[in-house]
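Worksheet: the structure to be examined is printed underneath.
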Amino acid sequence: MEKTFAVKNLSLVDNQTLEINIGPQHPSTHGVFRMNVVLDGETIVSLKPVMGYLHRNHEQIAENMSYTSSMPYTDRLDYFNSMSNNFGYALTVEKLANIDVPEKAEYIRVIMAELTRLVNHVAVIGFLLNDLGAFFTPVLYAFREREKILDIFEDISGARMMCNYFRFGGVKRDLPAGVLDTIKDVVKKFPSFLEEFEALLTKNEILCMRCQNVGVLKPELAISAGITGPMLRASGVNYDIRKIDNYSIYKRFDFKIPLGQKGDVFDRYYVRILEMRESLKILEQALKDFPTSGDIISKKMTPYLKNFRNFKPPVGEAYARVECPKGELGFYVVSDGTPQPWRYHVRAPSLINLTILEDLCIGHKVADAIIILGSVDIVLGEVDH
Amino acid sequence: MKIEEFKTLLELKLPGIAFKQVRDSLLVENPSDLPKVAFFLKNSDLEIDYLSSVTGSDYLDYLESVYHLYSTTKKTGLITLRVRVKRDAPNVPSLVPIYRSAEFQEREAYDMYGIIYEGHPDLRRLFMWEGFEGFPMRKDYIQEDSEWLEPEDLEWLEKHQVPVTEEMKERAKTPRIIKKDAGE
Amino acid sequence: MALAQNISTVDDGLKSELGKKGIVVTTLNELYNWGRRSSIWPMQFGLACCAIEMIATACARYDIARFGAELFRASPRQSDLMIVAGTVTKKMAPNVVRLYNQMAEPKYVITMGACAIAGGPFIDGVNVLRGIDRYIPVDVHLPGCPPRPEALLYGLMELQKKIDGQTIETTEWYQKGLKREFPIPEYGPKGLIPKFNPEIWNPREEDHRRERYGQPILIGKKTKAPNLDAPPAAPRPVPAPAATAPTSPAAS
């Protein structure tokens, strides 16, 4: 269904448009995001995102401290997926300083990254439903599952949300006894939760009516605008960095990349559900092949675990990226041979995925703008870094 | 593709544009050539259609704008381009007409480093507010000392009838000395 | 201590005696505070990471509804409690103060997390406000980065204790001529004007940062840019020397 743009015939009737401001304090803006919306009746004529209300100078702070000290700050970028953010930063510095990662650490990293993907997608769908008006009930379900995974994170790293678990060349410490069994248990029970979730949602008439054909993103625009992650794949573009860069040990696992057909809000919702199923596949394989012994951090980096202020990568630059649940999370680090990076930059997927928000929203109603924003899946910590 | 091969290929296809290899990246010597290079990359059979990251960087003598590109159709990459501009005339042509993803990232680089992207449809500050002075990520930026009231603060407080102690007024008169080498 | 005395003027022994016979005796203050503390409506207002823990607190596992505070209102006009959950940036601070001013009396503030208290890990940021208590009065400070949901529940219980200690006669918002609206700071060229509201907050005499760095702000001192044009010092692109390079370039 093609949406007719009410804008064209507007001048015939009246030129009265209404400019409203959504946010920064608004229950559906996922934090402190602000949109300046121009409305004709209830139809959106123009939409300008305004951000910076959570600009915490991540880059400036990181350039003033040692490499390892920035690791906890990456947790706070996208506060749903601290492990994925750690992963991206660790990969970049490993590329910069040419560090190898031992086998066992790679397995731990992949397991953590995929668990994070489950946490993120489940919460995003909960919030998307929240934006649809199903106030808080789906979130209750979503957070129930999230808590189970957060318990695992807490056992492993000591913190629920801000794990700060990865180190250059490995991870901070070994898995405590019994955690693997807990993870296996969670992975085993997760599909039944997904089925429960889907039984409630996927064929729900209201959800379909509100989400289908809303906010359609064409693949050409998506590529040109640098959209990544589930949003890009919902538009039908087969681009998953786990497959393309083959970073870490993703080559060993057998998983598929779910693709959408239309690129509307419903596809974005459903691609996430399917991605969770694929993540579970990766988790199962990783748990099966998990090496029982081995180092958790490379020998080269062991002295720097405690003495991290002396870690000086050679002069040079590196850009590395991971498939974070929101999209491509890239880090660009320039080293000048001192313990502090000369330049530290984050390529935040949430920020760049917002580029096309206006294109998606024009012609829709205000209520649709809210769910389109919900389906873009932003986290303000990352948008504003 | 190795960066040396890539350089020779570009020099062959785009005569008249000077490139220089900097580590694993290509420096476009003249910033105004950048759109031509980007247009070629996107529309030739290289099909570099995805601009991943745009960022600024401050090297004291000059500012740099760095571009990381990939191809989503051919699944190739990474290609890094960079341009260097003077600190006092930081003008770089914008890549928004070619790659839409540069829109917010160029605004961010403008906000943080003051690099002016010519041809950008809406070059405003992205994170800081309008009226903010200076570019906070430049190495010579000195931030305010937020524990110390200054004359304009006192003026504002007086206007809003907030009582201020004499001691504080006295303190505001003495100028702040900020040591540049105070960092650890 | 005023807090304990004001709770009740009826003898506790007598009260429990009468209670056994099915007679409830209470004071107006007690009844009033009981009502207020059992239905604190927080504002649905998340700033950053801590907001997610705030949502987790509201969800089934921690269940803030047990304390009567589950009704998150999106409008400041309907809420009693503002949980400042996350980093307050200089760009956001005027809005936070404005929201506080819009809340109806009696109103309370909990700062959740290190950032809202004093800037937390982001204290060096150009755009980071070093604590919202520079502009509005805060009732409960809740440290942590982020505080666990249990900590938020504890903070809420502390607030309930504070409410229990208040009386109708002496509370601020029933007094005449009281100013409970605070001026909203403005955006300036380098930060907010004013930097703090001296009526509410004043810089501390002893300042760790000043002692350590000589000033409360941190400035990078690098004066030499890296020269990327020069070829890499270690023969990096050649794969062979990996085995012969145990002398790590990172060694100090």
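No value in this document is a laboratory result; all are computed from the given coordinates. If you're wondering where the values come from, they're calculated on a predicted model, not measured in any experiment. Don't worry about glycine lacking a Cβ; one is built from the backbone with ideal geometry, like all the others, and counts go over all protein chains shown.
For the segment B:132-145, counting C-beta atoms of other chains within 10 Å of every residue's C-beta and taking the mean gives 6. The peptide list B:102-109, A:233-240, C:166-173, B:31-38, put in order of mean Cβ contacts within 10 Å with the highest first, becomes B:102-109, A:233-240, B:31-38, C:166-173. Dipole orientation for the range C:102-233: of the candidates C:Ala225, C:His208, C:Ile123, C:Ala225 has the Cα lying most toward the positive pole (charges on Cβ; Lys, Arg +1; Asp, Glu -1). Calculated translational diffusion coefficient of the range B:3-118 (25 °C, 0.890 mPa s; Stokes-Einstein with Kirkwood radius over alpha-carbon pairs) equals 173 µm²/s. Using a cutoff of 8 angstrom between alpha carbon atoms and counting only pairs six or more residues apart, the relative contact order for chain C works out to 17 percent.
With a Förster radius of 45 Å applied to the beta-carbon distance between A:Gln212 and B:Glu29, the computed FRET efficiency rounds to 0.30. Think of each Lys and Arg Cβ as +1 and each Asp and Glu Cβ as -1; about the Cα centre, that makes the dipole of the range B:3-118 roughly 180 debye. Using a simple spin-label model with pseudo-atoms 7 Å out from Cα toward Cβ, C:Leu71 and C:Tyr174 lie 2.2 nm apart. Amide H to amide H distances under 5 Å link B:Ser57 with B:Glu64, where only residues 5 or more positions off or on other chains count and H is placed in the peptide plane.
Considering every Cα-Cα pair within the range A:167-280, what fraction, in whole percent, is farther apart than 20 Å? That fraction is 56 percent. Say we join alpha carbon atoms closer than 10 Å with springs in a Gaussian network model of chain A; which of A:Gln340, A:Gln60, A:Gln261 then has the biggest fluctuation? Residue with maximal mean-square fluctuation among A:Gln340, A:Gln60, A:Gln261: A:Gln60.
Label zone (A:Glu284, point 7 Å along Cα-to-C-beta; backbone nitrogen cut-off 13 Å) within the range A:190-206: A:190-192.
In terms of packing, defined here as the mean over residues of other Cβ atoms within 10 angstrom, the peptides B:138-145, A:115-122, C:40-47 line up highest first as A:115-122, C:40-47, B:138-145. Using a Debye calculation, one point per C-alpha and no hydration shell, please list log10 I(q)/I(0) for the protein assembly as shown at q = 0.08, 0.09 Å⁻¹ in order. Reported log10 I(q)/I(0), two decimals: -0.72, -0.92. Using Cβ point charges alone (K and R +1, D and E -1), the dipole size of the range A:259-385 about the Cα centre works out to roughly 620 debye.
Each Lys or Arg adds one and each Asp or Glu takes one away; over the other residues whose Cβ falls under 10 Å from the Cβ of C:Thr89, this sums to +2.
Percent relative contact order of the range B:3-118, based on C-alpha pairs within less than 8 angstrom and at least six residues apart?
About 23 percent, as a whole number.
Applying 1/(1 + (r/R0)^6) with R0 = 51 Å to the Cβ-Cβ distance of A:Asp295 and C:Arg210, what FRET efficiency is obtained, to the nearest 0.05? That pair, A:Asp295 with C:Arg210, gives E of 0.70. When peptides A:226-232, C:196-202, A:74-80, A:251-257 are sorted by average Cβ neighbour count within 10 Å, with the highest value leading, the order is A:226-232, A:74-80, C:196-202, A:251-257. The value of relative contact order for chain A, using C-alpha pairs under 8 Å at least six residues apart, is 27 percent.
Mean partner shielding of peptide C:45-57, defined as the number of other chain Cβ atoms within 10 Å of each residue Cβ, is 6.
Translational diffusion of chain A was estimated from the Stokes-Einstein equation, with Rh taken as the Kirkwood radius over Cα pairs; at 37 °C and 0.692 mPa s the coefficient is 152 µm²/s. Per-residue ellipticity at 222 nm computed for chain C from its helices equals -7500 deg cm²/dmol, with DSSP H segments shorter than 4 residues left out and the rest contributing -39,500 (n - 2.57). Translational diffusion coefficient of chain C (Stokes-Einstein, Kirkwood radius from Cα pairs, 25 °C, 0.890 mPa s): 112 µm²/s.
Relative to one another, the C-alpha centroids of the range C:126-194 and the range C:51-91 are positioned 14 Å apart. Distance between the modelled labels on B:Leu60 and C:Asp63, one decimal in nanometres: 6.2 nm (7 Å Cα→Cβ projection). What does the charge count around A:Ile22 come to, taking other residues whose C-beta lies under 14 Å from its C-beta (Lys +1, Arg +1, Asp -1, Glu -1)? Once all neighbours under 14 Å are counted, the net charge is -2. Mean partner shielding of peptide C:90-96, defined as the number of other chain Cβ atoms within 10 Å of each residue Cβ, is 6. Listed values for the range C:139-148 are Karplus-derived 3J(HN,Hα) couplings in whole Hz (6.51 cos²θ - 1.76 cosθ + 1.60, θ = phi - 60°), namely 8, 10, 9, 10, x, x, 9, x, x, 5, and x replaces Gly and Pro.
If you take all other residues with their beta carbon under 12 Å from the beta carbon of B:Leu63, and give Lys and Arg +1 and Asp and Glu -1, the sum is +2.
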